[in-house]
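Student: Mind having a look at this structure? Questions to follow.
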Amino acid sequence: MLMPARTKHRKQHRGYSRGAASRGNTIAFGEYGLQATENAWLESRQIEAARRVITRYIRRGGKVWIRPFPDRPVTKKPAETRMGKGKGSPDHWIAVIKPGHMIFELSGVSPEVAKEAMRLAAYKLGFDSRFVSRTDEIAVEVGGGHGE
């Protein structure tokens, strides 16, 4: 799973996620992409699960790019622990996703294979996303997430 080698601070505030993505919102590497349509926290486990689905479906035929990197720690206190006594220890890593952020990019496969691979990957993510292509900038909705 993806995680930073080291960070300056062990724990971070939750922050907020408003507005659309101003960077990372276009296809930069591949021919096809999976673009987020809502705010979310993307866990490193979700990225790995979606990556495995894509690579299995395309049968190592194309190239896959993973755009977000989970560099924010999320802390968690142990189960059945009383309130207080400080913030919990780091539990897992997330990437903050805003609407328009490109999650995966894919090249070297046919449009039909790319669309199906991205559809299968969208099921592994906890938010809605859409399939986009470099050739036609018209986005086609893809299911997945909790909206179905």
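Student: Take the residues in the stretch 91-140 that are in contact with a Gly (Cβ under 7 Å, 6 or more places away or on another chain), hydroxyl-bearing (Ser, Thr, Tyr) and in a strand (DSSP E or B); name whichever of them is least open to solvent (accessible area, probe 1.4 Å).
Tutor: Among those that are in contact with a Gly (Cβ under 7 Å, 6 or more places away or on another chain), hydroxyl-bearing (Ser, Thr, Tyr) and in a strand (DSSP E or B), it is Ser129.
Student: Does Pro99 qualify as being within 20 Å of Leu2 (Cβ to Cβ) and modelled with pLDDT of 95 or more?
Tutor: Against the criterion (within 20 Å of Leu2 (Cβ to Cβ) and modelled with pLDDT of 95 or more), Pro99 does not qualify.
Student: Now, a different point. Please list, ordered by first then second residue, the pairs with beta carbon atoms under 7 Å, 6 or more apart or interchain, first in the stretch 91-118 and of a type in the set (Val, Ile, Thr), second open to solvent by less than 50 Å² (accessible area, probe 1.4 Å) and in a helix (DSSP H, G or I).
Tutor: From residues that are of a type in the set (Val, Ile, Thr), the pairs are Val109/Ile58; Val113/Ile58.
Student: I need every pair where a residue in the stretch 69-87 that is without any contact (Cβ under 8 Å) to a residue 60 or more places away in the chain has its Cβ under 6 Å from the Cβ of a residue that is in a strand (DSSP E or B) and surrounded by 14 or more Cβ atoms within 10 Å (Cβ to Cβ), sequence separation at least 6 or different chains.
Tutor: Val74/His92; Val74/Ile94
Student: Does Ile54 satisfy being open to solvent by 40 Å² or more (accessible area, probe 1.4 Å), under 18 Å from Phe131 (Cβ atoms) and of a type in the set (A, V, I, L, M)?
Tutor: When the stated conditions are applied, Ile54 does not pass them.
Student: Has the stretch 18-34 got any residue that is out of contact with any strand residue (DSSP E or B) (no Cβ under 7 Å at 6 or more places or on another chain), over 20 Å from Phe131 (Cα atoms) and either in contact (Cβ under 8 Å) with a residue 24 or more places away in the chain or not in a helix (DSSP H, G or I) (or both)?
Tutor: yes
Student: Please give the number of the condition Gly62 fails out of (1) modelled with pLDDT under 95; (2) closer than 21 Å to His9 by Cβ.
Tutor: Single failed check for Gly62: (2).
Student: Related question: Filter the stretch 57-89 down to residues that are under 21 Å from the mean Cα position of the chain (by Cα) and open to solvent by less than 50 Å² (accessible area, probe 1.4 Å) and give me whichever is farthest from Ala121 (Cα to Cα).
Tutor: Looking at the filtered set, the residue picked out is Thr75.
Student: Next question. Of all residues in the stretch 75-90, how many are part of a strand (DSSP E or B) and among the acidic types (Asp, Glu)?
Tutor: The total comes to 0.
The values are calculated or read from the model by the stated rules, or taken from the named source; none is laboratory data. Keep in mind that what you see is a predicted model, and the values were worked out from it rather than measured. Glycine also receives a Cβ, built like all others from the backbone with ideal geometry; neighbour counts cover every protein chain displayed. All accessible areas refer to the heavy atoms of the entire protein, side chains included, with ligands and DNA or RNA removed. Shrake-Rupley method; radii C 1.70, N 1.55, O 1.52, S 1.80 Å.
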